[in-house]
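Comments concern the structure below.
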Amino acid sequence: MADCSIVCTEARLDRFKDMWAKGDTKWHTRGVNPLLMKHQNTLFPVNKPMKVFVPLCGKDDSVKWLAEQGHTVVGLDYSDIACRHFFIDNQLEYVREEIQNPHTKGDVYTVISDTLNITVYCCDYFQFKPEVQKEFDAVWDRGALNAMDSVNVRKYASVMIPLMKANCINFTEIVHGFPETLSIEIIRAAFGEEYNVQSIDKVGPHSEHYRKVGATAFELLRIKRKHLTTE
Ligand SMILES: C[S@@+](CC[C@H](N)C(=O)[O-])C[C@H]1O[C@@H](n2cnc3c(N)ncnc32)[C@H](O)[C@@H]1O
C-alpha cells in the first residue's frame, strides 16, 4: 500500500509546479511583507547581521530586502520558475549549480554581488538536510508552514528544528481564512514542548487582493526554544 504522506506530498509539489507554470500564483504580491516591515527593528535589527532562512520563498521580494539589511539570506523553493524569476525580477545576476548532497536533489542559485549575500535552493523542502545548510539565527516564514496540509505540519517542524540554532527565532505568518486557518495548537504540537509558540501581532488583510481571495487576518507568530542548553 502506498504511503499517503509521500503520495500527497508529491501531488502537492506537482500542483505548485503547475501553478507556477500557469502563472496562477495568487499568494504573490510585489513588495516587502507588511508585518515584516512593521516589526523590522525587533525582528531583524540592521546592526546585528544574521543568517536567515526563508523556506518556500517563491519569488518573494522580502528575500532581497533582508539581504539589503545586511543579513545572509538562504531561500528555498521547489519551483525552478520561482527561483529563476526571483533573480530576474530583481535584476540580480546569479550562478546555478547542482546541490552537492546525495539526499537533497536540486540546484542552488547564488547571487553575484559585492554587497548582497543570497542563496536560493531549488529543491523539495522535505529533502533539505542540515548537511546542506544549518545554524540559522532566524527564520522568516511567510506562506511556508501556512501552505502545508495539516497532516504535514509535524513533518515540516521536524525538518525545520535541526536547521535552527538553539537561540534561533522563527517568525511565521499565518493567514486566517485562506485557504484555511492553520491552528496555533497544531503548530505547538508539531514543534513540541521544548518550543514556545507565541502570537505577537494580528492585523486585517494586507490588501484588497487578499480580502477578495477570502483572507480575514494575518497573524505573526514567534517560535523559539524555551531552554537554551550550554554549548
Ligand atoms: C503559498 S506559496 C508562498 C511563496 C512565498 N513565500 C510568498 O510569500 O510569496 C508556497 C510556495 O511553496 C513552494 N513549495 C510548496 N511545497 C514545497 C516543498 N515541499 N518544497 C519546496 N517548495 C515548496 C511552492 O512552489 C510555492 O512557491
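Remark on the range 68-169: Rg and Dmax equal 13.8, 42 Å (Cα only).
With a simple spin-label model that places each label point 7 Å from the Cα along the Cα-to-Cβ direction, the separation between Gln91 and Ala11 comes to 4.4 nm. Fewest-first ordering of Val159, Val203, Val54 by other beta carbons within 10 Å of each residue's beta carbon gives Val203, Val159, Val54. Residue by residue, the range 62-77 carries 3J(HN,Hα) couplings of 4, 4, 5, 4, 4, 5, 5, 7, x, 8, 8, 10, 10, x, 8, 8 Hz when phi is fed to the Karplus relation 6.51 cos²θ - 1.76 cosθ + 1.60 (θ = phi - 60°); x denotes Gly or Pro. Just round it to a whole percent: the fraction of Cα-Cα distances in the range 1-131 exceeding 27 Å. Across the range 1-131, Cα pairs with separations above 27 Å total 22 percent. Kindly provide the Kirkwood hydrodynamic radius of the range 31-91 in Å, to one decimal, from all pairs of distinct alpha carbon atoms. Evaluated on the range 31-91, it is 12.0 Å.
What percent antiparallel are the DSSP beta bridges of the chain, to the nearest 5? Walk me through the numbers on the way to the answer.
Details: 26 of 44 bridges.
DSSP beta bridges in the chain are roughly 60 percent antiparallel.
Derived scalar couplings between HN and Hα for the range 217-224 equal 6, 10, 10, 9, 10, 10, 10, 8 Hz in order, rounded to whole Hz, by the Karplus curve 6.51 cos²θ - 1.76 cosθ + 1.60 (θ = phi - 60°), x for Gly and Pro. Across the range 153-231, the fraction of Cα-Cα pairs farther apart than 17 Å, rounded to a whole number, is 49%. If eta is 0.692 mPa s and T is 37 °C, what Stokes-Einstein diffusion coefficient results for the range 32-225, Kirkwood Rh from Cα pairs, in µm²/s? Roughly 193 µm²/s, to the nearest whole number.
As a calculated quantity, the FRET efficiency between Arg30 and Ser150 at R0 = 30 Å, using C-beta atoms, amounts to about 0.50.
Coupling constants for the range 129-144 follow from the phi torsions by the Karplus curve (6.51 cos²θ - 1.76 cosθ + 1.60, θ = phi - 60°), and in residue order they are 10, x, 5, 8, 7, 7, 6, 7, 7, 8, 10, 10, 10, 10, x, 9 Hz; glycine and proline get x.
Computed packing ranks the peptides 127-134, 209-216 as 127-134, 209-216, most packed first, by mean other Cβ atoms within 10 Å. Amide H contacts of Gly75 (H built 1.01 Å from N, in plane; Pro and chain starts excluded): Val54, Thr119, Val120, Tyr121 sit under 5 Å, all sequence-distant by 5 or more or on other chains.
Values quoted throughout were computed directly from the atomic coordinates according to the rules given, and no laboratory measurement underlies them. On a predicted model such as this, the values are computed, not experimentally measured, just so you know. Every residue, glycine as well, gets a Cβ built from its backbone with ideal geometry; the counts of neighbours run over all protein chains shown.
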